[in-house]
Amino acid sequence: MDHLTEPKDRLLLGPGPSNVNARVINAMSMPIMGYLDPTFLKVMDELVAMLKVLFGTSNKFTLPLSGTGTSGMEAALVNILEPGDNVVVGVNGLFGQRIADIAERCGANVTTVSADWGHPLNLSDVEKAVKSTDKLALLAAVHVETSTGVIQPLKPLADIAHRQGALFLADCVTSLGGIEMKIDEWGVDICYSATQKCVGAPPGLSPITLSDKAVEKIKNRSTSIQSFYLDLLLLEKYWISDRTYHHTASMPIIYAVREALSMAIEEGMPNRVHRHQTNAEALKEGLKALGFEILAQDGYQAPPLTAPIIPDTVDEATIRKSLLSEYGIEIAGGFGPLAGKIWRIGLMGESSQETNVLTFLEALEELLAKTDHKFQVGSSITSAKQVFAKWDKLENLKTGFYNDGKIF
Ligand SMILES: Cc1ncc(COP(=O)(O)O)c(C=O)c1O
């Protein structure tokens, strides 16, 4: 075995994947079964029922795709869009850009509404673009831009799209499982995510949910869906209605995601959301005590991902690399216009723990102490602990409103 490189345990505090609980890892060793075995079909049903809870939806069309978050993005667009369809895409980071790129590959006429990276989309800009687009088919946006840590409220965008008779698509790759989702209440017609972030499982599935209106649009296509593997109507026949073979599902990842979802539901979504918020708040206060500002403005800071701006006195890449090589802690740098200017620190799913916040801040202080950057030793820990003391006393959230036993 010494010719193979052994993977190492890491504290995963980047933009995903995040750490995975041992219960979820163990679930992956359950028996491989036939993809139409009645017992395996029940496992699939349980997974879908729990996904609906996390999405906050009663959409009949809810299933996980075999693939990562990008497969959800691609599936949503290749199924909904036909060549010549008019689409407006909000772009304030890398993943909005990716949506626009895929929509163009589908032959759609794409109008982008941009905001500077680190800022939310401006609603009046979006409304203007939507109103001036004839026969708009789709408005698309990213809920949590993982390239910047900005959260975009979805309901106002859904309202804008619906006023023009268009569908609304939201990328919820970084929000599902960490932020309360109310897909039905907000009016999101197409929503996809991934399993390796706040859901707390390994990468490999992309949960997706569609409103009846979105399914109708697919059923009324005049052209066939270009992708077989991501044809949502065929996938629905395997996952939900007819139980006919489409492709061989990967049992271990399905077991893992079912276990992770079950842990989320046991915890209760209000508790889970509160945990993500508290830990993010403590991290932010700790970073601020060390002289870092947060890129996203107040009110638009996404708890799963915090992006501090790197002061001139800090060598971004050197500290980031030392965190990994000396402490086994992974965080990420910025993309595109933010390369070298920010870090992206994730506290998602299993990784969002009080101890992880303190471990990270301690390591950061130790590394900064060896540089010319001036700060008060211990100040980040004190600030983070103040948040924990205050936030833990917030109203008792211990009974999750999803823990009513009525899921199945
Ligand atoms: C907001 C967002 N959308 C889409 C993706 C793509 O997901 P994946 O890398 O799982 O394909 C990511 C990945 O980080 C993301 O953060």
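Computed over region 22-265, the alpha-carbon pair-distance distribution with 10 angstrom bins reads 8, 34, 36, 17, 5, 0, each value a whole percent. Taking all protein chains as shown and a probe of 1.4 angstrom, Cys172 keeps an accessible surface of around 0 Å². Our helix-only sum for the chain, with -39,500 (n - 2.57) per DSSP H run of n ≥ 4 divided by its residues, gives a mean residue ellipticity at 222 nm of -12500 deg cm²/dmol. Contact order for the chain, expressed relative to its length and based on alpha carbon pairs under 8 Å spaced 6+ residues apart, stands at 23 percent.
Summed over the residues of the chain and divided among them, the accessible surface reaches 42 Å² per residue at a probe radius of 1.4 Å. One Cα centroid belongs to region 148-170, the other to region 19-41; the line between them spans 35 Å. Accessible surface of the chain, 1.4 Å probe: 52 percent of it comes from carbon and sulfur atoms. Computed over protein heavy atoms with a 1.4 angstrom probe, the accessible surface ordering of Trp117, Trp239, largest first, is Trp117, Trp239.
Measuring nothing but how far apart in sequence close Cα pairs (under 8 Å, 6+ apart) lie, relative to its length, region 269-391 scores a relative contact order of 36 percent. For Asp85, the residues 5 or more places off, or on other chains, whose built amide H falls under 5 Å of its own are Asn109. The reciprocal of the average 1/r between distinct C-alpha atoms defines the Kirkwood hydrodynamic radius, which for the chain equals 22.0 Å.
The figure for Leu81 is an accessible area of roughly 0 square angstrom, using a 1.4 Å probe on the protein chains alone.
The values are calculated or read from the model by the stated rules, or taken from the named source; none is laboratory data. These figures come from a predicted structure and were not determined experimentally. These accessible areas exclude ligands, DNA and RNA; they are computed on the full protein's heavy atoms, side chains included. Shrake-Rupley method; radii C 1.70, N 1.55, O 1.52, S 1.80 Å.
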